[in-house]
Amino acid sequence: MQQRHLNRKQYFCELANTARTFYMEYLNTYIKLTPDTRVLEIGCGEGGNLLPFAEQGCKVTGIDICQTRINEAQTFFTEYHQQGTFICQNFLLSEEPRTENERYDLVLIHDVIEHIEPSNKRDFLLHIKHFLKQDGIAFFGFPAWQNPFGGHQQISVGLASKLPFIHLLPKPLYKVLLKTSGATASIIGELMSIRASRVTIENFERLVSEVGYTICKRTLWLINPHYKQKFHINPRRQWTFFANIPYLRNFYTTSAWYLLRQTQKQS
């Protein structure tokens, strides 16, 4: 397991720097950030992604299923003298906003969809629509399943945390490798859940279309922008030719970014 996964303040700062450097620019064509902008992050963790939006004066809310992460988010926002609302809850059980004004201009879902059980993905995407304003934007980011570390094995320990593509091994062999490397039962369980989820570019695009989203913008990254913080490597987009090769592109897409809007019904 990398040090950043143990040092949550470092992790918070790295996420904030990535959001400040890359998310703002990525969004600026589609949404203008003002003090009236309402931003929700689902699976907010310690809240690092939300900090730059709070610094811009936006009204930010984070929701996460882990109380420890919510506590850390509140602590870190206080340290940075920023305002934010943080809620510990399963998003699928969250009460829907009653009015348009209570909904959000921007919903962030970064490195979360791959943690949602396959049977819950459709309901998850449909539930998000109730939180978006009619012209709101949903930002999704996730690692394509077949990329070298698409299984999140880096959160494990020992040799397994450093080996690319091992998540593509047959399930029994993958579990044995994780266990012999020293992974705990909880880590193995989380990695098996991600393995079951298997989010590919094709599956994601098919599902969002089925539940009524329109893709406004898509960027497939050969080198994930967050690697600037993690490894001091400059980000690089996929070359257009390779980005347009279905299925194969999952093997070399370290992050897929999407801006979605609700599909408008024809009158």
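The values are calculated or read from the model by the stated rules, or taken from the named source; none is laboratory data. Everything numeric in this text was worked out from a predicted model, so none of it was measured. Note that each Cβ is placed from the backbone with ideal geometry, even for glycine, and that neighbours are counted across all protein chains shown.
Data for the structure
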read-out	value
Considering residues of region 1-33 that are modelled with pLDDT of 95 or more and of a type in the set (S, T, N, Q) only, the residue farthest from ALA73 (Cα to Cα)	THR21
Lone qualifier among ILE128, ILE87 - being part of a helix (DSSP H, G or I), in contact with a helix residue (DSSP H, G or I) (Cβ under 9 Å, 6 or more places away or on another chain) and closer than 30 Å to CYS13 by Cβ	ILE128
Selection count, region 238-265, where residues are of a type in the set (S, T, N, Q), within 22 Å of the chain's Cα centre (by Cα) and not in a loop (DSSP other than H, G, I, E, B)	3
Within region 234-263, considering residues that are exposed (fewer than 13 other Cβ atoms within 10 Å of the Cβ) and without any contact (Cβ under 8 Å) to a residue 24 or more places away in the chain, the one farthest from LEU27 (Cα to Cα)	LEU248
Criterion: part of a loop (DSSP other than H, G, I, E, B) and either charged (D, E, K, R) or crowded, with 19+ Cβ neighbours inside 10 Å (or both) - qualifying residue of GLU95, GLU72	GLU95
